[in-house]
Amino acid sequence: MRCLYRRCLVSVVCAIAVGGLIAAPMETSPAHVIHTRDIQLIDSADSLLGDGAALVIGGSGLRMAVRESGRPAVTHYRVLERFRAHSYLSVQLETGRTHQIRLHLSHLKYPIVGDPVYGGRFAQPKGASVSLVDTLRAFKRQALHAASLGFDHPRTGKRLQLDCPVPTDFAALLLALRDDARLAAQDLGRKR
């Protein structure tokens, strides 16, 4: 939960990340917190050394990076569903830094599907169905969706909760991931 101008803001974001085995310790824990280092805006001329080594690429020349000298950032996430090469996540922010979800998941080597800045280039999942590859290629945005937003009304102080179902393209991507996992399980069953 994050308090802004004396009003509490709670947001729950759905995300699809590349990596079916995201955060192995999640097997024993229902939730996980990313509180690695801090986030800082960097310029493409900056160089990152040590654990934060990275090549900064972007149309504007600016992007965020995990650095010791940045501002604190905390992200909580829970795996909702695992697929062969992807994970469906529920993400809740404790802080609200620019690109926080995208940067934290990319820092853990699980970038958001369709993220041109932190996700790298498209890589076809090994053994993926033609349908899944086509759906991934057609998904032309980041696989992030603000599913729930809660805050105190600025005048009345009454708690407001806004919920929004996933959009059609996001739902289609989830369906393609589920179908691909089902087909892979069937193939594995036939081979045994």
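Taking the criterion of being modelled with pLDDT of 75 or more, out of contact with any Cys (no Cβ under 9 Å at 6 or more places or on another chain) and within 27 Å of PRO125 (Cα to Cα), the residues of the range 55-91 that qualify are THR75, HIS76, TYR77, ARG78, VAL79, GLU81, ARG82, PHE83, ARG84, ALA85, HIS86, SER87. The condition of being within 30 Å of ARG71 (Cα to Cα) and in contact with a Ser or Thr (Cβ under 7 Å, 6 or more places away or on another chain) does not hold for LEU105. What about GLY189, is it open to solvent by less than 60 Å² (accessible area, probe 1.4 Å) and in a loop (DSSP other than H, G, I, E, B)? No: the conditions fail for GLY189. Among the residues making up the range 70-126, those that are over 16 Å from ARG141 (Cβ atoms) and aliphatic (A, V, I, L, M) are ALA73, VAL74, VAL79, LEU80, ALA85, LEU89, VAL91, LEU93, LEU103, LEU108, ALA123.
Total residues in the range 123-171 satisfying the condition of being among the polar types (S, T, N, Q), farther than 19 Å from VAL113 by Cβ and open to solvent by 50 Å² or more (accessible area, probe 1.4 Å): the figure is 2. Filtering the range 85-117 to residues that are open to solvent by less than 50 Å² (accessible area, probe 1.4 Å), free of Cβ contacts under 8 Å to residues at least 40 places away in the same chain and assigned to a loop (DSSP other than H, G, I, E, B) leaves GLY114, ASP115.
The values are calculated or read from the model by the stated rules, or taken from the named source; none is laboratory data. Remember, predicted model here, so these are calculated numbers, not experimental data. All Cβ positions, even for glycine, are placed from backbone atoms using ideal geometry, and neighbour counts span all protein chains on display. Surface areas here come from the heavy atoms of the whole protein model, side chains and all, with no ligands, DNA or RNA. Shrake-Rupley method; radii C 1.70, N 1.55, O 1.52, S 1.80 Å.
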